[in-house]
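Report on the structure given below.
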Amino acid sequence: MIINPEKGDLEIWRNRTVVEDGAVENPNMQIAVSEVKAIDPTYEVGDEYVDPIKLESFGRRAVLSLRQNLASRILDLEKANLYEKYSEKVGEIITGEVYQVWKKEVLILDDEGNELILPKTEQIPNDYYRKGDTIKAIVKSVEMNNNQPRIILSRTANQFLERLFEQEVPEIFDGLITLKKIVRIPGERAKVAVESYDERIDPVGACVGMKGSRIYSIVKELRNENIDVVNYTTNPQLMIQRALNPAKISSITIDEEKKTASVYLKPDQVSLAIGKGGLNIRLSKMLTGYDIDVYREIEEEDRCTHRICRRDRRLGDRRPESLRLRHGQERAGTARRRDRRPCRPGAGTGTESRRDTESGIRGVIRPIAQKLKPIYE
């Protein structure tokens with residue numbers, strides 16, 4: 001069968017074996033030698049005889065059945081080829097055009113017009129698409145549902161961020177820098193641990209680029225997702241310290257058996273370590289593999305003699321921040337109103353009352369001295 005898809009022509013040829021007269025068992029597979037020699041005398045027994053079959057010789061039902069079977073077979077081959085093609089592309093970035101936006105998924109067409117699906121769960125929360133927009137995503141999986149290939153894309157997978165780094169940073173693509181681990185909360189923040197096999201290459205500087213030129217395009221593609229690039233190390237204390245950046249850590253205590261770490265910081269560094277909505281400490285736990293507890297250090301000059309503050313210090317100065325009472329507040333509101341006032345350094349020691357007295361004396365003496373100054377001059 002010969003098909004010309006450009007012109008739409010179809011030719012059918014039949015191959016039959018030349019046999020002795022009277023030995024024909026299947027007319028579609030064999031032909032008598034006398035019949036062949038009437039057409040061409042050069043044929044002998046055992047030769048292959050090829051002759052065309054005209055479509056006019058078929059009936060109407062046979063032609064319709066042939067067309068239906070042929071179209072079905074071609075469609076099955078196209079589906080199988082599409083499944084094999086994208087099965088080899090799992091984990092790679094592809095570019096497509098948004099064709100239709102639904103409530104739970106987005107339909108995308110590639111360069112060849114194949115349909116791809118981007119579910120709502122695999123979209124960055126800040127993503128917003130309209131028909132005709134160009135989109136980048138990674139092929140997450142390829143499934144066969146009812147003999148129909150279903151290609152699932154993703155923009156929230158860690159591998160998507162990894163492929164973006166490979167596209168923007170040549171050192172990662174060449175293997176000079178390795179991405180050791182990637183953790184992210186899509187649309188909010190991500191942390192990437194990198195390591196260089198060449199001492200002359202700074203892995204963090206190479207990923208960020210001059211004035212952030214390399215990482216800027218990645219952040220823009222991820223809808224302004226903040227990306228922290230961390231220099232990887234096998235030292236757990238140093239790794240935790242780098243993961244909690246920009247907070248400055250005073251000391252760290254690590255329990256290797258329980259995989260926990262107690263981090264002590266100054267009061268002004270606690271909020272930096274926790275981050276907005278607790279993102280920084282959550283990602284640091286995921287990156288290092290340790291359960292990190294943040295504690296606040298209290299210096300001697302900041303200690304207060306307030307009744308509630310004394311009670312807090314008696315229960316322990318270095319409790320987790322989530323368990324500490326706010327300075328000068330009562331647990332269930334059982335304290336009297338005078339105990340609910342916020343404390344300040346020096347409260348209850350007489351320092352505050354002495355300062356008030358001195359300022360009052362100055363307020364009385366100053367106007368008298370101003371009136372007497374012209375007299376003495």
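Overview of results
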| read-out | value |
| --- | --- |
| Flagged links, alpha-carbon separation over 28 Å, of Lys136/Lys180; Lys104/Lys259; Lys181/Lys220 | Lys104/Lys259 |
| Label point distance in nm, Asp202-Glu256, each placed 7 Å from Cα along Cα→Cβ | 3.3 |
| Neighbourhood charge, 15 Å Cβ-Cβ cut-off, centred on Met29 and excluding it, Lys, Arg +1 and Asp, Glu -1 | -4 |
| Cα centroid separation, the range 3-72 to the range 126-168 (Å) | 50 |
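Bear in mind these aren't lab numbers, they're just calculated from the coordinates by the rules spelled out. Values in this document were obtained by computation on a predicted structure and should not be read as measured data. When we count neighbours, we look across all protein chains shown, and the Cβ atoms used for this are built from the backbone with ideal geometry, even at glycine.
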